[in-house]
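Trainee: I'd like to ask you about the structure that follows.
What follows is calculated from the coordinates using simple rules that are stated; it is not laboratory data. From a predicted model like this one, the values you see are computed outputs, not experimental measurements. Because the Cβ atoms are built from the backbone with ideal geometry, glycine has one as well, and the counts that use them run over all protein chains shown.
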Amino acid sequence: MPAAEIVSTLEILRGWRIIADPSALDSATWPATSRVVRISPDDVYVIGSVEPAVPADPYAIITPEMGFAGVGLSPAEVTAIAQEHIEWPLPSMRPALAQGQIAGVPAKLELHVDGSALLLVACAARHELEARIARTLAGCA
Amino acid sequence: MSRVVYDGAPIEYAQGDSLALAALRSGQHPARGGTLCLAGDCGNCVAIVDGTPWVRTCQTTARAGTVVKRHPNGSHPSPGGAEHHAHVAVRHRSADHVVIGSGDSGVTAAAAARAAGDDVLVLDAGDGNEVIGVFDGPTIVVRTTDGVHQIHAHHITLATGAAELHPVVPGNTLAGLYTAKAAAAVRGAGIDLGRTVTVGAELVAIRGEGTVSSVELADGTTHECDSVIFDLGSAPRDVLARMAPMVPVTVVGPAAAAHALPPCPKAGVLCSCGKITVEDLDGVWAKGFQELELVKRSSLVGVGTCQGGMCMPHLRAFVADRSGTVPEPFTARPAARQLTLGEVAAGYHIDTFRRSPLHQEHLALGATLDKFGGWFRPWNYGDAVAEYWAVREAVSLGDVSTLGKMIVSGPDVVEVLERLYPNHVHDIKVGRSRYVLILNERGHILDDGMILRDAEDRFTLTFTSGGASTAEMWVRDWIETWGLRVHVLDRTVSHGAINVTGPLAVELMRRAGVSDDDRPKFLQHRRGEVAGIPCHIMRLSFTGEASFELHHQIDGSVALWNELMELGRPLGIKPHGLQALFGLRTEKGHIIVGQDTELDSSPRRVNMDWAVKLDKPWFVGRDALLRTAALPDERRLFGFTMEGPAPYEGSVIRVRGEVVGHVTSSWDSPLFGKAVLMGWQKRLPHADVVEIDGREAHVSPVPFYDPEGARARS
């Protein structure tokens with residue numbers, strides 16, 4: 001998705017959620033303006049407003065997804081968050097999707113090649129996560 | 001020289017002094033007496049430093065203005081107020097190999113590990129990295145000057161050296177007593193120890209008033225002195241090794257070396273942390289606690305700040321003398337240092353309680369929020385009875401966004417649901433729904449909810465708020481177990497849901513743009529716009545009144561809620577919280593799984609055999625239900641009514657004085673003017689009249705309210 005759509009605090013992201021056969025997802029073509037997060041082999045989160053299609057699976061579940069909030073993190077913020085709030089080792093490969101508890105809240109980190117990341121959390125828990133990492137992010141400002 | 005404040009009086013210190021040395025420099029013991037090691041091994045120098053108790057003053061550098069206060073004599077210090085337990089940052093670090101201790105053996109171990117290609121981290125208290133615990137993982141918890149570090153290591157080497165033994169003789173709590181290394185450190189700091197005597201195992205007793213004045217030796221001689229220096233040997237500094245028996249730890253150097261036990265102590269304080277004497281140990285031994293762990297537990301020796309670091313050799317010598325067998329050391333427990341609550345809590349979080357997308361709307365309406373089923377939910381908006389009447393007589397909104405919600409789709413979806421649920425699924429028509437129980441393999445109720453058919457091969461499932469996470473795992477696990485082709489998408493946190501309920505709910509739906517033709521009838525559902533928000537409209541009822549659950553994307557929740565509140569204003573609309581909802585559903589006899597059920601509640605026990613179709617070939621729990629169907633079953637959930645105030649939920653139910661069960665749900669019904677409740681009877685024969693809170697309660701058929709269900713269908 002265009003970088004401008006990712007805001008500086010955890011905000012609801014507009015997107016689509018697709019559950020389908022992994023092979024169908026592998027062969028799908030996603031909207032050019034969208035950012036695609038492969039949550040699991042059969043689960044894709046497409047951030048963007050254009051409805052995607054998965055023609056190779058007639059049983060695919062394709063539904064709007066407003067349940068995530070996200071924030072872009074700079075490399076320094078990623079490092080600080082990892083040091084203070086993540087007990088598990090981040091994957092060494094980039095790009096990568098890391099999923100686990102951050103400050104005790106289930107969350108996801110889409111890790112980019114340049115060291116930055118997109119932090120994703122369920123909207124219902126974003127206030128908890130914001131409160132728990134605010135001190136850390138303030139220290140990076 | 002600069003000054004610190006010690007027990008209210010300023011004292012001078014030299015650059016580089018620890019607080020303990022500063023106290024000694026001013027002629028005082030840093031605590032109230034006892035042998036000083038000045039190595040952090042014992043607890044004989046702990047004091048309250050800038051409000052934080054249990055600080056080892058020998059490990060704390062003196063800084064101008066530091067305020068030190070001795071612990072109270074004969075008792076423990078107050079833990080201090082919140083200001084002394086402030087937030088402590090935690091840092092997570094990783095290393096292939098962590099070496100604890102930077103003495104000779106630590107340096108050697110670190111060099112060897114580096115040569116093997118390991119990423120090595122060396123921790124030493126002298127460098128400001130005080131290891132306070134080793135946990136499974138392994139995780140090493142370290143107190144540093146900038147917070148607590150949690151270090152995740154693949155391997156740990158302990159090179160913590162050996163600790164000098166303290167004497168256990170009468171008078172060993174006096175001031176003026178030093179281990180050899182401590183005496184050297186004191187002298188090295190330019191502090192005069194006065195007349196000194198160096199003694200070893202020949203020591204019998206120490207004499208003095210507050211401070212040592214002489215020592216008695218085994219040959220009967222007495223030697224006057226101002227300070228005593230002990231040469232009693234050493235013991236491995238192995239607390240961290242004993243703390244983590246499940247963690248791969250290598251111990252090297254003096255910490256791993258064999259050390260002879262000291263002679264069995266005959267008198268004096270053996271455990272300086274707890275001021276436990278040899279006489280105390282004799283007492284517990286005489287009571288039959290004749291094993292190391294039993295002596296520890298019964299006397300509390302070794303459970304103090306040093307976790308046996310100082311007393312263990314003497315304790316083992318004591319047990320060896322009495323039993324004839326040298327016991328192995330006992331396990332040490334984290335933490336190896338007293339911690340502030342902030343340090344203990346560093347990096348730990350309470351459970352995450354989720355917020356509904358309507359959280360702020362509830363607060364703006366004056367709601368009291370409660371934590372329920374993993375969510376913040378409105379308990380009431382100030383007047384639960386008024387909320388109740390709004391449901392019974394007008395129209396009301398309830399936030400049910402917290403319900404579990406799931407979409408399942410696939411060629412095998414009917415087969416999966418037929419196996420998962422105890423009632424029929426194949427005959428649910430598209431656009432229709434059915435209430436369902438979920439049973440476990442033992443036929444006990446796991447959860448309940450609704451099945452809604454969206455298409456021939458696609459359904460929406462709902463679950464209870466508290467059961468949603470378990471339900472998702474349950475569904476996914478079974479689908480994988482059976483190898484059937486069904487996609488699953490949990491929508492619990494992505495979809496909001498608002499329950500429009502009450503006799504005027506239909507009218508509110510009309511005003512929100514849902515025509516009579518578009519409005520689903522009871523147990524139907526369809527998709528459509530409500531007040532301009534796309535919704536999945538489900539017609540069902542938990543309150544006993546006509547109800548429409550409006551499921552929608554959460555970005556539409558606030559607009560939908562506010563528009564419905566506005567449109568409903570002329571109809572007398574009020575929101576209702578859980579307090580009113582629980583009363584409303586109790587009047588209908590609707591159970592809440594986990595409140596009205598127990599871990600082993602079967603459908604029969606809660607009078608819901610109607611929700612089970614044993615004519616199906618198979619479903620989870622069917623075998624258990626068939627196996628137990630013919631057996632007598634004492635347990636049964638009943639409805640009761642009683643005059644007077646409703647008893648507390650959990651109240652005991654008695655029959656002729658015998659406890660037969662407890663109240664699970666209780667409500668002062670405004671409609672009936674008496675208490676309606678549900679509860680268990682677990683003894684046969686079941687009684688028609690029971691006693692609750694010393695009053696009579698009468699078994700009553702449920703539902704208490706509208707047993708024909710006409711209002712829900714209207």
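Trainee: With labels modelled as points extended 7 Å from the Cα through the Cβ direction, what inter-label distance (nm, one decimal) is found for B:S714 paired with B:D219?
Mentor: In this crude label model, B:S714 to B:D219 measures out at 10.8 nm.
Trainee: Give the Debye-formula value of log10 I(q)/I(0) at each listed q (0.17 Å⁻¹), with one equal scatterer per alpha carbon of the range A:69-140, two decimals each.
Mentor: Results for the range A:69-140 at q = 0.17 Å⁻¹ read -0.53.
Trainee: Here's a follow-up. Rank the residues B:T492, B:T196, B:T277 as a footprinting-exposure proxy: fewest other Cβ atoms within 10 Å of their Cβ go first.
Mentor: Numbers: B:T492 25, B:T196 16, B:T277 21.
Final ranking by Cβ density, sparse to dense: B:T196, B:T277, B:T492.
Trainee: Output the direction-averaged projected area (hull surface divided by four) of the convex hull of the alpha-carbon atoms of chain B, in nm². Let's see the in-between values first.
Mentor: Details: hull surface 169.3 nm².
Over all viewing directions, chain B projects a mean Cα-hull area of 42.3 nm².
Trainee: Follow-up. For B:C42, B:C306, which order do you get if you count the other beta carbons within 10 Å of each Cβ and list the fewest first? Don't jump to the answer; show the numbers that get you there.
Mentor: Details: B:C42 27, B:C306 24.
Fewest-to-most ranking of B:C42, B:C306: B:C306, B:C42.
Trainee: Okay, moving on. Suppose R0 equals 56 Å; then what is the FRET efficiency for B:K275 and A:S40 from their Cβ-Cβ distance, rounded to the nearest 0.05?
Mentor: So, using R0 = 56 Å, E works out to roughly 0.45.
Trainee: Which net charge results for the neighbourhood of B:A159, defined as the other residues with beta-carbon distances under 12 angstrom from its beta-carbon, given Lys and Arg at +1 and Asp and Glu at -1? Write down the numbers at each step before the final one.
Mentor: Numbers: positive: B:R237; negative: B:D104, B:D124, B:D238.
Summing Lys and Arg as +1 and Asp and Glu as -1 gives -2.
Trainee: Hey, another quick one. Once R0 is set to 30 Å, what does the formula 1/(1 + (r/R0)^6) return for the Cβ-Cβ distance between B:R476 and B:L626, expressed as a FRET efficiency to the nearest 0.05?
Mentor: On the way: r = 27 Å, r/R0 = 0.89.
My answer for the efficiency is 0.65.
Trainee: Could you work out Rg/(2.2 N^0.38 Å) for the range B:540-636, with Rg from alpha carbons only?
Mentor: Numbers: Rg = 19.3 Å, N = 97, 2.2 N^0.38 = 12.5 Å.
So the range B:540-636 has a normalised radius of gyration of 1.55.
Trainee: Which of the aspartates and glutamates could a cross-linker bridge to B:K69, judged by Cα under 16 Å and excluding same-chain residues fewer than eight apart?
Mentor: Candidates past the 8-residue exclusion: B:D7, B:E12, B:D50.
Trainee: Let me ask something else. May I ask which residue of B:L358, B:Y381, B:S396 lies farthest towards the positive end of the charge dipole of the range B:346-398, with charges of +1 (Lys, Arg) and -1 (Asp, Glu) on Cβ and the Cα centre as origin?
Mentor: Among B:L358, B:Y381, B:S396, the one farthest towards the positive end of the dipole of the range B:346-398 is B:L358.
Trainee: Output the Kirkwood hydrodynamic radius of the range B:2-84, Cα pairs only, in Å rounded to one decimal. Spell out each step's value before the answer.
Mentor: Values: mean 1/r = 0.0798 Å⁻¹.
Mean inverse Cα-Cα distance, inverted, gives 12.5 Å.
Trainee: While we're on this one: When the dipole is taken about the Cα centre of chain B, and only Lys, Arg (+1) and Asp, Glu (-1) are charged at their Cβ, what size is it in debye, to the nearest 20? Provide the component values of the computation, followed by the final result.
Mentor: On the way: 69 positive and 83 negative charges, 141 e Å.
Using Cβ point charges on Lys, Arg, Asp and Glu, chain B gives about 680 debye.
Trainee: Now a separate question. Tally Lys/Arg at +1 and Asp/Glu at -1 over every other residue whose Cβ is under 11 Å from the Cβ of B:T60; what's the total?
Mentor: Values: positive: B:R56, B:R63; negative: B:D17, B:D50, B:E130.
Local charge sum for B:T60: -1.
Trainee: Also: Kirkwood Rh, the protein assembly as shown, all Cα pairs: how many Å? Walk me through the intermediate numbers first.
Mentor: Numbers: mean 1/r = 0.0310 Å⁻¹.
Hydrodynamic radius (Kirkwood, Cα pairs) of the protein assembly as shown is 32.3 Å.
Trainee: Okay, next question. Can you compute the label reach from B:A111? Point 7 Å from Cα along the Cβ direction, backbone N cut-off under 11 Å, restricted to the range B:238-255.
Mentor: none
Trainee: Can you pull the Rg over Rh of the range B:119-226, Cα-only, Kirkwood?
Mentor: Working: Rg = 19.8 Å, Rh = 17.1 Å.
Using Cα coordinates only, the ratio equals 1.16.
Trainee: Further question on the same structure: Need one number: convex hull volume per residue for the range B:404-490, Cα atoms only, in Å³.
Mentor: Details: hull volume 6.7 nm³, N = 87.
So the per-residue hull volume is 78 Å³.
Trainee: In the range B:106-149, which residues have a backbone nitrogen under 17 Å from the label point lying 7 Å from B:T250's Cα in the Cα-to-Cβ direction?
Mentor: B:106-123, B:138
Trainee: Mind putting a number on the dipole of the range B:382-516 about its Cα centre? Charges go on the C-beta only, +1 for Lys and Arg and -1 for Asp and Glu, and I need it in Debye to the nearest 20.
Mentor: It works out to roughly 220 debye.
Trainee: Hey, another quick one. Could you tell me the ratio Rg/Rh of the range A:10-66? Both radii from Cα atoms, Rh via Kirkwood.
Mentor: Numbers: Rg = 10.5 Å, Rh = 11.2 Å.
For the range A:10-66, the value is 0.94.
Trainee: Another question, if that's okay. Find out how many positive minus negative residues lie around B:G190, taking Lys and Arg as positive, Asp and Glu as negative, among other residues whose Cβ is under 13 Å from that of B:G190.
Mentor: Values: positive: B:R25, B:R187; negative: B:E12, B:D17, B:D192.
Spelling it out: positives minus negatives among the neighbours equals -1.
Trainee: Multiply the residue separation of B:T198 and B:R695 by 0.36 nm, subtract the distance between their alpha-carbon atoms, and state the gained length in nm to one decimal. Don't skip to the end; give the middle numbers.
Mentor: Working: separation 497, 0.36 × 497 = 178.92 nm, distance 7.88 nm.
Extra length from B:T198 to B:R695 when fully extended: 171.0 nm.
Trainee: Suppose R0 equals 25 Å; then what is the FRET efficiency for B:A260 and B:H76 from their Cβ-Cβ distance, rounded to the nearest 0.05? Could you put the intermediate results ahead of the total?
Mentor: On the way: r = 34 Å, r/R0 = 1.36.
Computed FRET efficiency for B:A260 and B:H76 comes out at 0.15.
Trainee: Using the Kirkwood radius over Cα pairs, work out the Stokes-Einstein diffusion coefficient for chain A at 37 °C and 0.692 mPa s, in µm²/s as a whole number.
Mentor: Details: Rh = 15.6 Å.
In µm²/s, the coefficient rounds to 210.
Trainee: Moving on. Can you tell me the orientation of helix B:384-393 relative to chain B, as the angle in degrees between its alpha-carbon axis and the longest Cα principal axis, to the nearest 10?
Mentor: It is inclined by approximately 20 degrees.
Trainee: What does the helix-only formula give at 222 nm for chain B: each DSSP H stretch with n ≥ 4 adding -39500 (n - 2.57), the total divided by the residues, and the result rounded to the nearest 500 deg cm²/dmol?
Mentor: Details: 17 runs with 147 residues, N = 714.
Counting only the DSSP helices, I get -5500 deg cm²/dmol.
Trainee: Sorting A:M93, B:M312, B:M565 on the 10 Å Cβ count, fewest up front, what's the list?
Mentor: In order of increasing Cβ crowding within 10 Å: A:M93, B:M565, B:M312.
Trainee: Only Cα pairs within less than 10 Å get springs; with that Gaussian network setup on chain A, which residue of A:R14, A:R94, A:R126 has the largest fluctuation?
Mentor: The residue that fluctuates most here is A:R94.
Trainee: If packing is taken as the average number of other Cβ atoms within 10 Å across a peptide's residues, how do B:108-120, B:574-586, A:44-56 rank, most packed first? Mind showing how you got there, number by number?
Mentor: Values: B:108-120: 15.7, B:574-586: 24.3, A:44-56: 17.9.
Ranking, from highest mean packing down: B:574-586, A:44-56, B:108-120.
Trainee: A further question on this structure: Compactness ratio of the range B:137-294: Cα Rg over 2.2 N^0.38 Å, N = residue count? Don't jump to the answer; show the numbers that get you there.
Mentor: Values: Rg = 19.1 Å, N = 158, 2.2 N^0.38 = 15.1 Å.
It is 1.27.
Trainee: Shifting gears a bit: Say each of B:A286 and B:T61 gets a label point 7 Å from the Cα, pointing the same way as Cα to Cβ; how far apart are those two points in nm?
Mentor: About 5.2 nm separates the two model spin labels.
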